[in-house]
Amino acid sequence: MNVEPRILRSGDDGLKDRIEALGPWFHNINLGGIWTAPDHFLGDYPSVKFQRFAPHLPEDLSGKSVLDIGCNAGFYSMEMKRRGADRVLGLDHDDHYLAQARFAAETLGYDNIEFRNHSVYDVGSLGETFDVVIFMGVLYHLRHPLLALDLIHEHVARDILIFQSMQRGSRQVMDVEEDYEFEETEHFFESAYPKLHFIEREYAHDWTNWWAPNRACAEAMLRASGFVIETRAEDEVYICRRAEMPYAQYLRTGAVYPARGKI
Ligand SMILES: C[S@@+](CC[C@H](N)C(=O)[O-])C[C@H]1O[C@@H](n2cnc3c(N)ncnc32)[C@H](O)[C@@H]1O
């Protein structure tokens, strides 16, 4: 089912001013004929990326709930609504982006998407699980990326995870043995071994880029936090299913930062 948006404000003279006042935009969205980020360094983003992995997503999301973590201006939240999702909750920790998301959704006539200021670290307080969790473009901005994946697994993911991370380094993925002797160190020098590059200062003029996994690492982190990769739907995008956390039998408790209750 495809729910087409109604353009509510086409021809509104104040629209361009409102879009400018809410800038700068990271998501390039067509709001009544006016693009929000026409000069985006990645082109028509994220539309160009979405077109590459969209065919791998369920076409009909009616009856489903979606959580979009790090929703920014709501591009993916609105796309999930277009696929008929019942409930869509977009989270971001930045009010600037949430204001854009609310304005874009209102302008395009999506009046039943909820956008909330909420950090990925606080998903434990939502008290709700979702059929589809979108976690795109956020992992490498976090100081504690594996904790975030653990929290998503523990508290909000019920079935599908749509994941994306910037990747740097080798695109090769080597077969890693189950275990190695203490004296064996060669594999750590392999570029196709899972590696998470730590960025102490800045990358691409952005101090919030803390980590850059290579492909092997992004995939290993997903598995290690209990997500089975079903499809690599695009260079950096994975469609996963929630499964049992590896070593679950040894873990006394799941990830619970900062608390299970209301914050
Ligand atoms: C690169 S943008 C990705 C936006 C969108 N998900 C996409 O793929 O196009 C990263 C977004 O994550 C948000 N973000 C960063 N850290 C976050 C956190 N701890 N909790 C929630 N959102 C966060 C940022 O504010 C920003 O909107």
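A few comments on the model shown:
- Using all pairs of distinct alpha-carbon atoms, the Kirkwood hydrodynamic radius of the chain works out to 19.6 angstrom.
- Tilt relative to the chain, helix 95-108 - C-alpha long axis, 0 to 90 degrees, to 10: 50 degrees
- Here's the picture: charge each Lys and Arg Cβ at +1 and each Asp and Glu Cβ at -1 in the chain, and of 197, 109, 62 the one pushed furthest to the positive end of that dipole is 109.
- Estimated [θ] at 222 nm from DSSP helical runs (n ≥ 4, -39500 (n - 2.57)) normalised by residues in the chain, nearest 500: -5500 deg cm²/dmol
- Across the chain, C-alpha contacts under 8 Å between residues 6 or more apart give a mean separation that, scaled by the residue count, equals a relative contact order of 17 percent.
- Translational diffusion of region 1-156 was estimated from the Stokes-Einstein equation, with Rh taken as the Kirkwood radius over Cα pairs; at 25 °C and 0.890 mPa s the coefficient is 153 µm²/s.
- Length gained when the stretch residue 182-residue 241 is fully extended (0.36 nm per residue, less Cα-Cα span): 17.9 nm
- With the simple spin-label model, which puts each label point 7 Å out from Cα in the Cβ direction, the residue 117 to residue 147 separation comes to 2.1 nm.
- Alpha-carbon centroids, region 30-69 and region 182-215: separation in whole Å: 29 Å
- Applying both filters, DSSP loop and at most 16 other Cβ atoms within 10 Å, to the chymotrypsin sites (Phe, Trp or Tyr not before Pro) of region 175-223 gives 180, 182, 207.
- Restricting attention to the chain, lysine pairs at least eight places apart or on different chains and with alpha-carbon atoms under 25 angstrom apart total 6.
- The GNM of the chain, with springs linking C-alpha atoms under 10 angstrom apart, assigns the highest mean-square fluctuation among 224, 104, 248 to 248.
- Sequence of 80, 136, 174 once ranked by neighbouring C-beta atoms within 10 Å, starting from the fewest: 174, 136, 80
- Sparsely packed loop sites in region 134-232 (the GluC sites (Glu not before Pro) outside DSSP H, G, I, E and B with at most 16 other Cβ atoms within 10 Å) comprise 177, 178, 181, 183, 184, 190, 200, 202.
Any read-out appearing in this document is the output of simple, stated calculations on the displayed coordinates, not a laboratory observation. No experiment lies behind these values; they were computed from the predicted model shown. Cβ sites come from the backbone with ideal geometry, for glycine too, and all protein chains shown count toward neighbours.
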